[in-house]
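The structure appears below as structure tokens.
The values are calculated or read from the model by the stated rules, or taken from the named source; none is laboratory data. Since this is a predicted model, take the numbers as computed values, not measurements. Using ideal geometry, Cβ is built from the backbone for each residue, glycine included, and neighbour counts are taken over all protein chains shown.
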Amino acid sequence: MIARRLLTVLATALLLFGHGTPAQAHEEKFDELVISHPWSRATATNQKVGAVFLEVQTKTGRPDRLIGASTPDAETVEIHDHIRDGDMMRMRRIDGVDIPAEGSAVLQPGGQHLMLIGLKVPLFEETVFPMTLVFEKAGSVEIEVIVEAAGAGKTKAGGDHQRHQMTK
Amino acid sequence: MNKKLSLGVVALVVVVFVFGAWLNLKQDVPPETATVGGMVINADIGGPFELTDHTGAPFGTRELAGDYALLYFGYTFCPDVCPTELGQIAEAIDLLEEDGDRVRPVMITIDPTRDTPEVLSEYAPLFHERLVGLTGTEDQIRDVAGDYRVFYRKFEDPSYTYYLMDHTSFVYLLAPSGDIASMFRYGTPPEDMAAAIRQHMNAQEQG
């Protein structure tokens with residue numbers, strides 16, 4: 001609980017003070033990827049699933065591919081796509097998400113997302129949790145995911161884009 | 001009758017049949033109205049229901065009578081679509097400010113096996129303090145979903161450790177009479193929902 005609260009303070013500090021303290025920290029290591037605004041939604045105490053959304057950009061000029069993810073807060077993380085068949089909504093697992101050489105891959109509500117399965121702890125609004133993303137070329141990246149309101153949508157949550165970036 | 005002619009007749013029958021089937025299918029999709037983002041409703045959709053709310057108490061259209069309701073069919077093991085839609089409903093109600101008090105947000109689960117009143121009691125308040133989560137027996141859910149033309153199906157696969165629900169994702173605006181006043185497709189902006197509700201409220205006051 002204390003650790004979580006500490007993370008909250010850190011997250012708030014991050015949001016307040018700006019353009020990416022972690023960005024600089026990560027940039028020192030590599031210069032391959034920019035992960036923008038990884039976020040999730042608050043969950044109920046007995047809820048077993050969640051979703052993580054983010055934007056990935058490669059800085060190498062070569063395409064890459066997001067092939068996996070994990071977090072200590074969930075038993076497994078799967079990459080899912082939302083298939084809209086007429087008015088029928090389907091969620092299915094996919095093998096990965098292509099990161100184009102130029103532009104970015106956007107995981108957002110109504111599209112692709114990282115599905116957290118078997119949540120061990122509820123996700124509380126305004127806290128953060130750690131996550132590891134695995135890329136085909138860039139390897140593993142450690143990120144922190146900010147938990148927003150349970151009903152946050154892409155328009156509401158998109159505002160912090162510039163202020164919450166992580167690079168590797 | 002020669003062979004060519006009879007073949008032609010068969011082909012014509014097939015074409016007419018397919019066209020008829022296509023027309024039939026087409027009619028199932030309600031057309032959208034240009035003004036408010038809602039849809040024109042076929043009169044035979046909807047109807048009364050009696051289910052169990054997230055406190056375990058009986059709850060149905062009788063409890064909703066006299067108020068507007070934004071009704072959604074979803075499930076709690078739904079990582080993206082349902083939270084998105086419930087968030088939009090909550091936002092639409094907020095946008096209506098004081099008039100939003102006359103609109104009751106309601107979610108009926110299509111996954112009653114997982115979504116017991118206990119599960120719903122934790123889930124519902126996350127989206128809106130007045131959101132009512134409803135569950136029932138599998139038969140009750142099948143009946144109410146049928147009445148509202150909600151299609152849902154369990155998706156199970158040996159390579160998945162859990163099951164998902166495939167489902168249609170509409171938001172229904174119920175008038176104080178209990179009739180469906182409007183229907184919103186997945187992704188309808190909360191502003192459009194709020195505008196449609198406001199329009200119905202105004203029409204009611206003038207009428």
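Total residues in segment A:123-146 satisfying the condition of being buried (at least 17 other Cβ atoms within 10 Å of the Cβ), under 10 Å from the mean Cα position of the chain (by Cα) and β-branched (Val, Ile, Thr): the figure is 3.
Identify, please: which residue in segment B:169-185 is buried (at least 19 other Cβ atoms within 10 Å of the Cβ) and within 14 Å of another protein chain (Cβ to nearest Cβ) and is, among those, nearest to A:Leu116 (Cα to Cα)? My answer is B:Ser169. Please go through segment A:94-118 and give me each residue that is in a strand (DSSP E or B) and either surrounded by 18 or more Cβ atoms within 10 Å (Cβ to Cβ) or among the charged types (D, E, K, R) (or both), ordered by number. Correct list: A:Val97, A:Asp98, A:Ile99, A:Ala105, A:Leu107, A:His113, A:Leu114, A:Met115, A:Leu116, A:Ile117.
When B:Glu129 is tested against (1) surrounded by fewer than 21 Cβ atoms within 10 Å (Cβ to Cβ); (2) within 11 Å of another protein chain (Cβ to nearest Cβ); (3) acidic (Asp, Glu), just one condition goes unmet, and that condition is (2). For segment B:149-160, indicate whether the set of residues that are in the same structural domain as B:Asp67 (by TED's automatic domain parsing), on the phi > 0 side of the Ramachandran plot and small (Gly, Ala, Ser) is non-empty. No - not one qualifying residue is present in segment B:149-160. Looking across segment B:41-76, the residues that are among the hydrophobic types (A, V, I, L, M, F, W, C) and in contact with a Leu (Cβ under 7 Å, 6 or more places away or on another chain) come down to B:Leu51, B:Phe59, B:Leu64, B:Ala69, B:Leu70, B:Leu71. Looking across B:Ala124, B:Ala92, one residue alone is among the aliphatic types (A, V, I, L, M), under 19 Å from B:Glu63 (Cα atoms) and either in contact with a Gly (Cβ under 9 Å, 6 or more places away or on another chain) or more than 8 Å from every other protein chain (Cβ to nearest Cβ) (or both). It is B:Ala124. Say we look at segment B:57-89 and pick out the residues that are of a type in the set (A, V, I, L, M) and away from chain A (no Cβ under 11 Å); which of these is surrounded by the fewest Cβ atoms within 10 Å (Cβ to Cβ)? By that ranking, first place goes to B:Ala57.
If you go through segment A:55-74 and pick out every residue that is within 16 Å of A:Val145 (Cβ to Cβ) and exposed (fewer than 14 other Cβ atoms within 10 Å of the Cβ), you end up with 1. Of all positions in segment A:93-110, at least one carries a residue that is within 13 Å of chain B (Cβ to nearest Cβ), touching a Gly at 6+ places or on another chain (Cβ under 7 Å) and either over 26 Å from B:Lys154 (Cα atoms) or at pLDDT below 95 (or both). Suppose the filter is at negative phi and under 19 Å from the mean Cα position of the chain (by Cα); does B:Pro83 pass it? So B:Pro83 passes the test. Against the definition (touching an Asp or Glu at 6+ places or on another chain (Cβ under 6 Å) and at pLDDT 95 or above), how does A:Val134 come out, yes or no? For A:Val134, the condition - touching an Asp or Glu at 6+ places or on another chain (Cβ under 6 Å) and at pLDDT 95 or above - is not met.
Note on segment A:36-49: among residues that are in contact with a helix residue (DSSP H, G or I) (Cβ under 9 Å, 6 or more places away or on another chain) and closer than 18 Å to A:Gln108 by Cα, the one that is farthest from the other protein chains (Cβ to nearest Cβ) is A:Ser36. Residue check: is B:Glu97 acidic (Asp, Glu), surrounded by fewer than 21 Cβ atoms within 10 Å (Cβ to Cβ) and without any contact (Cβ under 8 Å) to a residue 12 or more places away in the chain? Taking the combined requirement at face value, the residue satisfies it. Within segment A:87-131, track down each residue that is aromatic (Phe, Trp, Tyr) and touching an Asp or Glu at 6+ places or on another chain (Cβ under 8 Å). Residue satisfying the conditions is A:Phe129 alone. Note on segment B:152-207: residues that are in contact (Cβ under 8 Å) with a residue 40 or more places away in the chain, outside any loop (DSSP other than H, G, I, E, B) and of a type in the set (Gly, Ala, Ser) total 5. Checking every residue in segment A:26-43 against the condition of being in contact with a Ser or Thr (Cβ under 8 Å, 6 or more places away or on another chain) and modelled with pLDDT of 95 or more gives zero matches.
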